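Worksheet: the structure to be examined is printed underneath.
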Amino acid sequence: MSYRTIVSPVEAEIEIKRSRFLARLSPAADEAEARSVIAEARAEHPKARHHCSAFVLDTDSRTQRFSDDGEPAGTAGAPILDVVTGHDLTFVVAVVTRYFGGTLLGAGGLVRAYGQATSAAVDEARILTRRERVPVSAHVDYAQANALERAAGNRGWATRSDYGGEVGLDVLVPLAEVADAVAMYADLTAGRAEPEVGEVEWV
């Protein structure tokens, strides 16, 4: 199982018929953090007419909320949400602040504007994929660590190392491949390593 999110907050701005659309895209671990980002946008731009928003949470993106914040129903929050979900992002909140330029854009124009502003912010974001992995860990000598790291890399597994008198080595594997990782330790250390299987992590 995996999910996509962003590394850090980003901003973008577009202008359409003198209306400014300032988009902010930020990581959010939960609903409280998402609403805090929305509140920050309001505080930073108190003279703006609208602060429309959407957020997606949970590893399976099951929590989704959006707000038109005074724009005609369906013209702001929904297109913002569509961009976020269209890029398969989660644990993300998007806020688009609008400074009205004096010209009405119509429903279609608003949908396009809010979507374009959000897309511009997504284009600025560094996106990463987190995957469900189980650490299989043991203390080994330096030569064994080198051999294990090479073998893990050949299988597409990531590793973490803590070098001291010995090497504390974590091999991060999909749940279905834990037995294979334990067997690899046994093969490459002649059975001397005593690997421990940890709890599932998102890495």
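Cα centroids of the stretch 136-167 and the stretch 33-91: how far apart, whole angstrom?
Their Cα centres are 43 Å away from one another.
Using only the C-alpha atoms of the chain, find the volume of their convex hull and express it per residue in Å³. Show your work: numbers first, answer last.
Working: hull volume 26.5 nm³, N = 203.
Spelled out: Cα convex hull of the chain, divided by residues, is 130 Å³.
Given a Förster distance of 30 Å, report the FRET efficiency between residue 176 and residue 32 from their Cβ-Cβ distance, rounded to the nearest 0.05.
Plugging the Cβ-Cβ distance into 1/(1 + (r/R0)^6) gives 0.30.
Pairing the Cα long axis of helix 178-188 with the longest principal axis of the chain, what angle in degrees results, from 0 to 90 and rounded to the nearest 10?
For helix 178-188, the angle is close to 40 degrees.
At a Förster radius of 41 Å, what calculated FRET efficiency corresponds to the Cβ-Cβ distance of residue 13 and residue 129, to the nearest 0.05?
Given R0 = 41 Å and the Cβ-Cβ separation, E is 0.90.
Explain nothing, just the number: relative contact order of the stretch 4-84, from Cα pairs under 8 Å at least 6 residues apart, as a whole percent.
18
What does the helix-only formula give at 222 nm for the chain: each DSSP H stretch with n ≥ 4 adding -39500 (n - 2.57), the total divided by the residues, and the result rounded to the nearest 500 deg cm²/dmol?
-10500 deg cm²/dmol
If I fit a long axis through the Cα atoms of helix 142-154 and take the longest principal axis of the Cα atoms of the chain, what angle between them do I get, 0 to 90°, rounded to 10?
Relative to the chain, helix 142-154 is tipped by roughly 50 degrees.
Compute the acute angle (0 to 90°) between the alpha-carbon long axis of helix 31-44 and the principal axis of greatest extent of the alpha-carbon atoms of the chain; round to the nearest 10°.
With both axes taken from Cα atoms, the answer is about 40 degrees.
Report the gain in length on full extension from residue 190 to residue 59: 0.36 nm times residue separation, minus Cα-Cα distance, nm rounded to one decimal.
Here the answer is 43.3 nm.
Rule-based calculations on the coordinates, nothing more; no lab input. Note that the structure is a prediction, hence the values are computed from the model and not measured. Virtual Cβ from ideal backbone geometry, glycine too; neighbours counted across all protein chains shown.
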